[in-house]
Amino acid sequence: MRIDIITVLPELLDGPFAHSIVKRAAEKGLVEINVHNLREYSTNKHRKVDDYAFGGGAGMVMQCEPIARCIRALQSECDYDEIIYMSPDGVRFEQSIANELSLKGNLIILCGHYKGVDERIREKFITREISIGDYVLSGGELGAAVLTDAVVRLLPGSLGDETSALTDSFQDGLVAPPVYTRPADFEGMKVPEVLMSGHESKIEQWRFEQAVKRTKERRPELLKE
Ligand code: SAH
């Protein structure tokens with residue numbers, strides 16, 4: 001899988017992919033993540049990529065040309081399954097979308113800034129618009145990092161224990177059950193006995209019951225779905 005992220009602030013993405021699971025997935029060749037500085041596609045001598053909004057009002061708008069140039073340059077290198085624009089008015093990101101995207105080959109993620117991108121870019125190039133929640137960020141970079149992390153950890157071979165993504169929250173429509181590790185007694189608080197019983201089917205049953213209980217308490221709407 002190849003993920004190309006287009007941004008005016010590539011520095012913001014230095015950290016998220018340089019550690020842990022995403023870093024290891026890249027090292028293993030499961031994913032190639034490229035961050036592109038949109039300013040390099042500006043023909044303006046100050047490398048400007050934004051301008052005032054037609055109709056007036058506060059806030060700059062990201063211009064069409066540099067974005068179109070960047071997307072077309074990428075498309076000349078490979079085919080893309082999706083060109084995603086991170087946007088608060090997009091479809092709310094959730095595990096099912098991460099699952100779906102993890103099966104794709106190549107993705108472009110466009111990060112907006114300021115007031116967002118000129119509408120014509122959305123009409124012409126974007127195949128999918130994704131929001132990471134009902135709040136407004138200053139740019140799409142953190143959203144792109146969230147999306148990339150959630151997708152990359154699902155790639156076969158990414159996680160040490162291949163089955164471990166399947167037991168995470170949302171994969172089966174439930175949140176995850178509580179987990180414990182040593183010591184068995186922490187300041188008088190004991191680990192549930194069944195977990196130390198070594199009885200696999202009982203443990204599985206307990207975990208399922210706990211997941212259902214937790215989902216009922218915390219995310220009852222998941223059970224309705
Ligand atoms: N004027 C826009 C917000 C622009 S915020 C509006 O009111 O809808 C600047 C950029 O940050 C956006 O273009 C988008 O790329 C990113 N962004 C902000 N909030 C986001 C969210 N909740 N999810 C995904 N991207 C977001």
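The values are calculated or read from the model by the stated rules, or taken from the named source; none is laboratory data. Quantities reported herein were computed from a predicted structural model and do not represent experimental measurements. Quick reminder, even Gly has a Cβ in these numbers, built from the backbone with ideal geometry, and neighbours come from all protein chains shown. Heads up: the accessible areas ignore ligands, DNA and RNA and are worked out on the full protein's heavy atoms, side chains in. Shrake-Rupley method; radii C 1.70, N 1.55, O 1.52, S 1.80 Å.
Do we find that residue 52 is out of contact with any Pro (no Cβ under 7 Å at 6 or more places or on another chain), of a type outside the set (Asp, Glu) and crowded, with 18+ Cβ neighbours inside 10 Å in this structure?
Numbers: out of contact with any Pro (no Cβ under 7 Å at 6 or more places or on another chain): yes; of a type outside the set (Asp, Glu): yes; crowded, with 18+ Cβ neighbours inside 10 Å: no.
Here the answer is no, as residue 52 does not meet what is asked.
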Check your understanding: What do you reckon, is residue 112 at negative phi, more than 6 Å from the ligand (Cβ to nearest atom) and touching a residue at least 40 places away in the same chain (Cβ under 8 Å)?
Key -> no
Check your understanding: Does the stretch 142-153 include one or more residues that are surrounded by fewer than 17 Cβ atoms within 10 Å (Cβ to Cβ), at pLDDT 95 or above and within 9 Å of the ligand (Cβ to nearest atom)?
Key -> yes
Exercise for review: Select from the stretch 155-187 the residues that are among the polar types (S, T, N, Q) and touching a residue at least 60 places away in the same chain (Cβ under 8 Å) and list them in ascending order.
Suggested key: 158, 169, 171
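Just give me the residues in the stretch 126-167 being in a loop (DSSP other than H, G, I, E, B), aliphatic (A, V, I, L, M) and under 29 Å from residue 68 (Cβ atoms), in sequence order.
We begin by selecting, within the stretch 126-167, every residue in a loop (DSSP other than H, G, I, E, B); these are 126-127, 132-138, 140, 153-163.
Still in the running and aliphatic (A, V, I, L, M): 126, 132, 136-137, 154-155, 159.
Within the stretch 126-167, 126, 132, 136, 137 meet the criteria.
Evaluate the following for residue 29: is it assigned by TED's automatic domain parsing to the domain that holds residue 15, within 16 Å of the ligand (Cβ to nearest atom) and open to solvent by 30 Å² or more (accessible area, probe 1.4 Å)?
Considered against the rule, which asks whether it is assigned by TED's automatic domain parsing to the domain that holds residue 15, within 16 Å of the ligand (Cβ to nearest atom) and open to solvent by 30 Å² or more (accessible area, probe 1.4 Å), residue 29 comes out as no.
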